[in-house]
Amino acid sequence: MRANFGEHFKLTIFGESHGAAIGIVIDGLPAGAAIDEESIARQMARRAPGNDPTATARKEADAVRILSGMRNGRATGAPLCAMIENTNTRSDDYRNIAASMRPGHADYAGYVKYGGYNDPRGGGHFSGRLTAPLVFAGSVARDLLKEKGVTIGAHIASIADVNDEPLDSVNVDAQTLERLAGSRFPLLCPEKEEDMRRAVALAREARDSVGGVIECAAVGVPAGIGSPFFGSVESVVSQLAFSIPAVKAVEFGDGRLLAGMRGSQANDPMRMQDGQIVCTSNHNGGVTGGITNGMPVVFRVAVKPTPSIAQEQQTIDVGKRENTQLIIAGRHDPCIVPRAVVVVESILAIALCELMMDDAAQNAMGTVEGTVGALPQTPPRT
């Protein structure tokens, strides 16, 4: 398995859904960086299961225990290791279906890749449970970014066929994003919450599930961040976004709608405003050529319906090598979108830390000229 990410803000994730614990090791934190355990606890609570009717009944406190790398609320410079105990597992729910491959899950793919030795309980290492350590890492990253003037927030853009208003990709501000990041059910139009909850309740009654879209943004990101080709902003953010098990699509700015536009519509005109370079539109989501352009970074992820449903489904028994039927018991989210919002915010924070640390390293080595986020002092020769 490849359970690590990053060259500067380095992560290694460990554990399984029904094992003793899950956790993460962060390497590359600057010595002296503040680690706000109260802020971490607030972010963890937003993702924790069992706290909302739209979520699984499995209750986990998701209390983080920092084992190393911190002293007196500051990073020591050593790897920061954090563990989250699994305290409310029910592994017997999976005992009778161990050989039955659950449709929509990684059961069969993982069985083939690892020869059946992988832990199948609750999805094992492939489970969405492993996003809890990502939220811890994202909370640490957010505090680093806050010192640089970067603010991140996201909202539920849709659940099933119920849509929230989209973010204003040009004028979205830190206050709006902070309000969203402080909510368990973040919406720009709070009156949409009732309809969204009704859609989830109807799916639950039908022993089914629903998906949705999460829209996320960051403001205060300077121009000039990103390293094309393979270290572009879209590349790094998308790699992390697709590490969230239920995410099946990612788009920046107007995304797929750009395919139906003309260049005159899709381009973002630039002008000087109060000594700063700004765009009058943000169809490209704050990223051009894989590099930030100083506008808000805006992207969306599509979250598929939870594959664990209580309806009878057709599948195979890999032990008997025959067709069979499956009804999944246990405790499962009829919709994971509300709990996934903070995960999407977290992966953006992690990505921006990695990208900005990479940029800082290039500056330190003299490979990047000028000041990031502004025009070079001396225009390049033509």
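The values are calculated or read from the model by the stated rules, or taken from the named source; none is laboratory data. Values in this document were obtained by computation on a predicted structure and should not be read as measured data. Here Cβ is always computed from backbone atoms with ideal geometry, including for glycine, and neighbour counts include all displayed protein chains.
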Which one of the conditions (1) under 22 Å from Pro307 (Cβ atoms); (2) at pLDDT 85 or above does Thr89 fail to meet, given that it meets all the rest? (2)
For the range 127-170, give me each residue that is among the polar types (S, T, N, Q), at pLDDT 95 or above and out of contact with any helix residue (DSSP H, G or I) (no Cβ under 6 Å at 6 or more places or on another chain). Ser158, Asn163, Ser169
Got a sec? Which of Thr315, Thr292 is over 21 Å from Ser127 (Cβ atoms), hydroxyl-bearing (Ser, Thr, Tyr) and in contact (Cβ under 8 Å) with a residue 12 or more places away in the chain? Thr292
Does the range 256-266 contain any residue that is under 26 Å from Val343 (Cα atoms) and assigned to a loop (DSSP other than H, G, I, E, B)? no
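Here is a yes/no grid of residues against (1) outside any loop (DSSP other than H, G, I, E, B); (2) modelled with pLDDT under 85; (3) among the acidic types (Asp, Glu):
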{"position": "Ser308", "(1), (2), (3)": "no, no, no"}
{"position": "Lys320", "(1), (2), (3)": "no, no, no"}
{"position": "Arg331", "(1), (2), (3)": "no, yes, no"}
{"position": "Ile350", "(1), (2), (3)": "yes, no, no"}
{"position": "Asn363", "(1), (2), (3)": "yes, yes, no"}
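Quick check on the range 267-306: of everything there that is assigned to a loop (DSSP other than H, G, I, E, B) and among the small types (Gly, Ala, Ser), which residue is surrounded by the fewest Cβ atoms within 10 Å (Cβ to Cβ)?
Gly275
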With respect to Ala246, is the statement that it is more than 27 Å from Asp173 (Cβ to Cβ), touching a strand residue (DSSP E or B) at 6+ places or on another chain (Cβ under 8 Å), buried (at least 16 other Cβ atoms within 10 Å of the Cβ) and not hydroxyl-bearing (Ser, Thr, Tyr) true? yes
Under the condition of being surrounded by 12 or more Cβ atoms within 10 Å (Cβ to Cβ) and either under 12 Å from the mean Cα position of the chain (by Cα) or of a type outside the set (A, V, I, L, M, F, W, C) (or both), which residue from the range 249-266 is farthest from Pro307 (Cα to Cα)? Gln265
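So, in the range 175-219, how many residues would count as being small (Gly, Ala, Ser) and either more than 19 Å from the chain's Cα centre (by Cα) or farther than 20 Å from Ser346 by Cβ (or both)?
Number satisfying all stated conditions: 5.
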Cβ-Cβ distance below 8 Å, separation of 6 or more or different chains: which pairs start in the range 175-194 with a residue that is more than 14 Å from Val342 (Cβ to Cβ) and part of a helix (DSSP H, G or I) and end on one that is among the aromatic types (Phe, Trp, Tyr) and at pLDDT 95 or above? Glu193/Phe185
